[in-house]
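In what follows, a single structure is set out as structure tokens and then discussed.
Coordinate-derived values only; no laboratory data. Here the structure is a predicted model, which is why all the values come from computation and not from measurement. A quick note on method: Cβ atoms are made from the backbone with ideal geometry, for glycine too, and the neighbour counts reach across all protein chains shown.
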Amino acid sequence: MAKFNFYLNFKENTEEAFNFYKSVFGGEFETLQRFGDTPHAGDVPAEHHDKIMHVSLPLPGGGVLMGTDDLGVMGRPFILGNNISLSIGADSEAEADQLFGGLSEGATITMPLQKTFWGAYFGMLTDRFGIQWMVNYDYPQA
């Protein structure tokens, strides 16, 4: 069964925000990856290499709070209010396809489901009601 998580976009202060959330909720970051550490670092201006590409903080009681520094590279400008997405963690590629396909009816596809450099099958869309969704299946680690 799919797991639902929370994905937050920030205007270049993700690290500050997540250190705050960590102080409130406790725990440790599961992932912290900077734009400069990705295979696509050359596509990002050097002044943004230290910004957060992805961070995840497991929450007490389940769920994961995730985030990124929104550099405006996903085809939409950062606007306070469009900075949250619902993220679904699927249990298989087939489940990801089924969920993404269902949500895609009348939607705007931001990123089609595809294999990614971080070892996942991932896609993003805005549904016909204006809600932003991320569908993700993490491949088993070798």
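Key figures for this structure:
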read-out	value
Longest segment of the chain lacking trypsin sites (Lys or Arg not before Pro) that sit in a DSSP loop with at most 16 other Cβ atoms within 10 Å	12-127
Computed magnitude of the charge dipole of the chain (debye, nearest 20; Cβ of K, R +1, Cβ of D, E -1)	240
Choice from ILE84, ILE131, ILE52 with maximal GNM fluctuation in the chain (Cα, 10 Å cutoff)	ILE131
Backbone N within the stretch 85-120 under 16 Å of label point (7 Å from HIS40 Cα along the Cβ vector)	109-120
Karplus-derived HN-Hα couplings along the stretch 6-18 (A = 6.51, B = -1.76, C = 1.60, θ = phi - 60°), whole Hz, x at Gly and Pro	10, 10, 10, 10, 10, 8, 6, 10, 4, 4, 4, 4, 6
Inter-part distance where the stretch 1-67 and the stretch 78-142 are each reduced to a Cα centre, Å	17
Antiparallel DSSP beta bridges within the stretch 3-138, percent to nearest 5	75
Charge sum, other residues only, whose C-beta stays under 10 Å from ASP69's C-beta, Lys/Arg counted +1 and Asp/Glu -1	-1
Formal net charge of residues neighbouring ASP97 (Cβ-Cβ distance under 13 Å; K, R +1; D, E -1)	-2
Dimensions in Å of the stretch 85-142 - Rg and Dmax from alpha carbons	10.9, 39
For THR110, distant residues with modelled amide H under 5 Å away	MET124, LEU125, THR126
Helical mean residue ellipticity (222 nm; -39500 (n - 2.57) per DSSP H run of 4+; nearest 500) of the chain	-5000 deg cm²/dmol
FRET efficiency for ILE79 and ALA142, using Cβ-Cβ distance with R0 set to 25 Å, rounded to 0.05	0.05
